[in-house]
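Please treat every number below as a calculation from the coordinates, not as lab data. Note that the structure is predicted; figures quoted are calculated from it, not measured. Cβ sites come from the backbone with ideal geometry, for glycine too, and all protein chains shown count toward neighbours.
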């Protein structure tokens with residue numbers, strides 16, 4: 001039996017796949033549509049690609065049909081699929097998401113992996129994540145450096161709610177604090193062996209290069225910095241490190257690919273040494289490491 005629920009004409013797997021392709025074809029390229037379909041089936045029905053093929057004629061429940069309809073409606077409005085489902089995968093962990101936090105990117109996973117690879121065999125480390133957002137970096141570092149003490153700060157109390165939920169959800173003992181790294185307010189006496197940050201680094205001039213699903217839904221507070229001072233956060237973080245990063249400690253930063261050399265120059269001006277500019281898997285300079 002065929003029924004119609006909010007525009008989806010039939011109830012089986014193959015029909016929903018075809019309908020999603022049709023409805024999303026004017027909004028996304030084909031390869032992205034296939035990824036969105038696969039992700040939707042994995043979240044709603046627990047199906048991978050093999051299960052989708054094996055159960056192509058299987059009837060879908062009314063509840064799941066409505067879920068697919070909501071996904072299609074959201075995607076047609078350019079809502080990121082991670083916000084539609086309220087979660088994402090990051091460095092092997094499942095994280096909750098709201099539109100109060102950025103959707104973690106693959107290059108941020110690469111930054112986390114760099115830190116974990118460098119320090120995985122060293123016990124008793126102290127780590128700080130500046131601008132934690134969803135807590136993706138802090139929670140992943142705690143999972144990867146299990147014997148470490150991990151703290152995290154963010155200016156947004158709403159983001160910290162999400163970060164604490166992700167810490168609890170993943171059984172990661174991370175301490176979170178509301179703090180503005182641009183402020184002159186002292187952060188106390190804490191000192192760290194590792195400081196990591198993915199601060200706002202997209203200039204307003206670069207907005208025209210961004211997709212609507214980022215511009216319209218992700219928090220601008222966590223994305224953008226002024227064209228006049230694109231290294232504002234990096235300067236403040238470098239100064240913060242003079243007080244809170246132990247001598248010989250390591251600073252890891254995700255950076256704007258257009259300002260790699262300028263970031264290195266800034267860190268040199270703050271007397272950091274051993275500076276390494278690193279490319280991501282797409283061949284872009286997106287990460288830097290420096291030693292105090």
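Observations, loosely collected:
- Beta bridges from DSSP with both residues in segment 179-292: antiparallel share about 60 percent, rounded to the nearest 5.
- For segment 13-77, the mean projected area of the C-alpha convex hull, equal to one quarter of the hull surface, is 3.9 nm².
- Helix 260-269 axis, angle to the chain major axis (alpha carbon atoms, nearest 10°): 30 degrees
- Annotation: the antiparallel percentage among DSSP beta bridges lying fully within segment 99-291 is about 30.
- Residue 206 versus residue 168: modelled label distance in nm, points set 7 Å from Cα along the beta carbon direction: 3.5 nm
- GNM top mover of 31, 140, 236 - the chain, alpha-carbon springs below 10 Å: 31
- Cα-based helix-to-principal-axis angle, 106-119 vs the chain, degrees rounded to 10: 50 degrees
- When the inverse distances between all different Cα atoms of segment 157-232 are averaged and flipped, the Kirkwood radius reads 15.1 angstrom.
- Length-normalised contact order of segment 70-144 in % [C-alpha pairs under 8 Å, at least 6 apart]: 27 percent
- Each label was represented as a point 7 Å from its Cα along the Cα-to-Cβ direction; for residue 229 and residue 291 these points are 3.2 nm apart.
- Computed E for residue 51/residue 94 - FRET, C-beta separation, R0 22 angstrom, nearest 0.05: 0.70
- Across segment 175-214, the residues whose backbone nitrogen lies under 19 Å from the label position 7 Å along the beta-carbon direction of residue 105 are 196-214.
- Theoretical FRET efficiency, 1/(1+(r/R0)^6), r = Cβ-Cβ of residue 18 and residue 177, R0 41 Å, to 0.05: 0.25
- Three-way shape label, segment 137-270, alpha-carbon gyration tensor, a/c 1.5: oblate
- Helix 62-76 and the longest principal axis of the Cα set of the chain meet at an angle near 60°.
- Of 143, 35, 67, the one that fluctuates the most in a GNM where the chain has Cα springs shorter than 10 Å: 35
- For the peptides 42-50, 155-163, the ranking by packing is 155-163, 42-50, with the highest mean count of neighbouring Cβ atoms within 10 Å listed first.
- Distance from the alpha carbon centroid of segment 65-121 to that of segment 184-232 works out to 18 angstrom.
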